[in-house]
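Everything below concerns the one structure shown next.
Coordinate-derived values only; no laboratory data. These numbers were taken from a predicted model, which means no experiment stands behind them. Here Cβ is always computed from backbone atoms with ideal geometry, including for glycine, and neighbour counts include all displayed protein chains.
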Amino acid sequence: MNRTEIANWLRETRPKRLAELWHLADETRRKNVGDGVFLRGLIELSNHCRRRCLYCGIRADNGTVTRYRMTPNEVVETAILAKKLGYGTVVIQSGEDFSYSKESIAEIIERVKNETDIIVTLSLGERPEEDWLAWKKAGANRYLLRFETSSPALYRAIHPSAKTVTSIEVGDRLTMLKTLREIGYEIGSGVMTGLPGQSWDDLAADISLFGELALDMIGCGPFLPHPQTPIGKYFPPNPKTGLCTFGELSEPQKTFCAEAGIPMLDPAEQVVCDAELPFKVIALTRLVCPKANIPSTTAIATVDPVSGRKLGLSRGANVIMPNLTPTQYRKLYSIYPNKAASTQSAEETDQMARQHILEIGRFPR
Ligand code: SAH
């Protein structure tokens, strides 16, 4: 499928045509990766972050966040719980928190491996290559690093440099993904949909790029504006859906975009994320990357807690990442508001995920 075809599908609204897309994606999923749904336990290690991403609630400049760090013991205990619940993989995710040294993360990985022999996926942001090498040696298996958008102008605008951080080019993240693969990790990436300044063509290019990068995992979700971030302040969420709304740009929005360098698009070009777009992105990603592991993400479950996850699984996805973070920390890892399952225990989250999978006639793996 070429970029124009992808862009046409993204803009498609006729229910009959969309039903065809869902069917095609579901068939492709079934033939290539089967009916099993991989459960991957998410552990949110720390909400400290040195970066200033204009969309993210735990950005360094957000002084209203209560910051936390999990101790190595807490991480190991959570991994043991994941193993007990039958998970094959844990995903350790975090803000870019350099108070965890190369050695301390390596030690956590070694302990998790020794005690559970579970597959370890890391999502710790940009780190020096030597850290990634050490963690691979310690037993880590996979690394997730979303490239967020393939538009260089938009990427640069929403990832301003911080005092200690200079990488603000999407190309840098693409190079990092290549490096991670060379080190021996399975790699995952993805984007957000509905960022201000993101065009339909950009999003089609993102999906094409998934195919070119031959990713093992691809996670995408709606952009959910966070009121305590620069973008969320100028582009507040629709109170009902949590999604970003767009019309003709207001004067304050224009000034903000001009200062930040966010492309100002004609309304017809601007991606508007409605209830269906995240599923179109999953379905098209499945068609472009038939064998990839594609999660029905937490952001999708946040927009529609009752059926979002199940719809994602029925329209191309084959992975769910239940949040196993200890309850007292969950609501503090607030990258966007009202994150799904932020008051549950790990057991409750696990039960709900399994129930969703069984309700649609699939089985957990
Ligand atoms: N520091 C790590 C992990 C980031 S959090 C890293 O940089 O890789 C994981 C993902 O959450 C991000 O890659 C981003 O795509 C997504 N995210 C952040 N803020 C968001 C928001 N407001 N709405 C939707 N998704 C968001």
Take every DSSP beta bridge with both residues inside the chain and express the antiparallel ones as a percent of the total, to the nearest 5. 10 percent
Each residue of the stretch 159-174 in turn: what ³J(HN,Hα) in whole Hz from Karplus with 6.51, -1.76, 1.60 and θ = phi - 60°, glycine and Pro shown as x? 10, x, 6, 10, 3, 9, 10, 10, 6, 10, 10, 4, x, 5, 5, 5
HN-Hα couplings for the stretch 270-282 via Karplus (6.51, -1.76, 1.60; θ = phi - 60°), in whole Hz with x for Gly/Pro, come out as 5, 5, 10, 8, 9, 4, 8, 4, x, 6, 4, 5, 4
Highest GNM mean-square fluctuation, the chain, Cα pairs closer than 10 Å: which of P295, P326, P222? P326
Which cysteines does the chain leave without a neighbouring Cys Cβ under 4.7 Å? C49, C220, C244, C257, C273, C289
Largest fluctuation, G34, G95, G63 only, Gaussian network model of the chain with Cα springs under 10 angstrom, belongs to G63
For the stretch 208-240, list residues with backbone N below 15 Å from a point placed 7 Å from the Cα of N32 toward its Cβ? 208-220
Size of the dipole of the stretch 163-275 about the Cα centre, Lys and Arg at +1 and Asp and Glu at -1 on the beta carbon, nothing else charged, in debye to 20? 460 debye
Could you work out [θ]222 nm for the chain from helices alone, using -39500 (n - 2.57) per DSSP H run of at least four and dividing by all its residues? Round to the nearest 500 deg cm²/dmol. -13000 deg cm²/dmol
Could you tell me which of rounded, prolate or oblate describes the stretch 157-203, using a ≥ b ≥ c as the square roots of the eigenvalues of the alpha-carbon gyration tensor, with rounded for a/c under 1.5 and, failing that, prolate when a/b is larger than b/c and oblate otherwise? oblate
The rounded separation in angstrom of the Cα centers of the stretch 156-171 and the stretch 195-244 is 18 Å
How large is ³J(HN,Hα) for each residue in the stretch 53-69, as worked out from phi by the Karplus curve 6.51 cos²θ - 1.76 cosθ + 1.60 (θ = phi - 60°), to whole Hz, x for Gly and Pro? 3, 5, 10, 9, x, 9, 3, 3, 6, 7, x, 8, 7, 7, 8, 9, 9
Starting from the amide H of I360, placed 1.01 Å from N in the peptide plane, find each other amide H under 5 Å away whose residue is 5 or more places distant or on another chain. none
Toy charge model, Lys and Arg Cβ at +1, Asp and Glu Cβ at -1: the chain dipole around Cα centroid in debye, rounded to 20, equals 540 debye
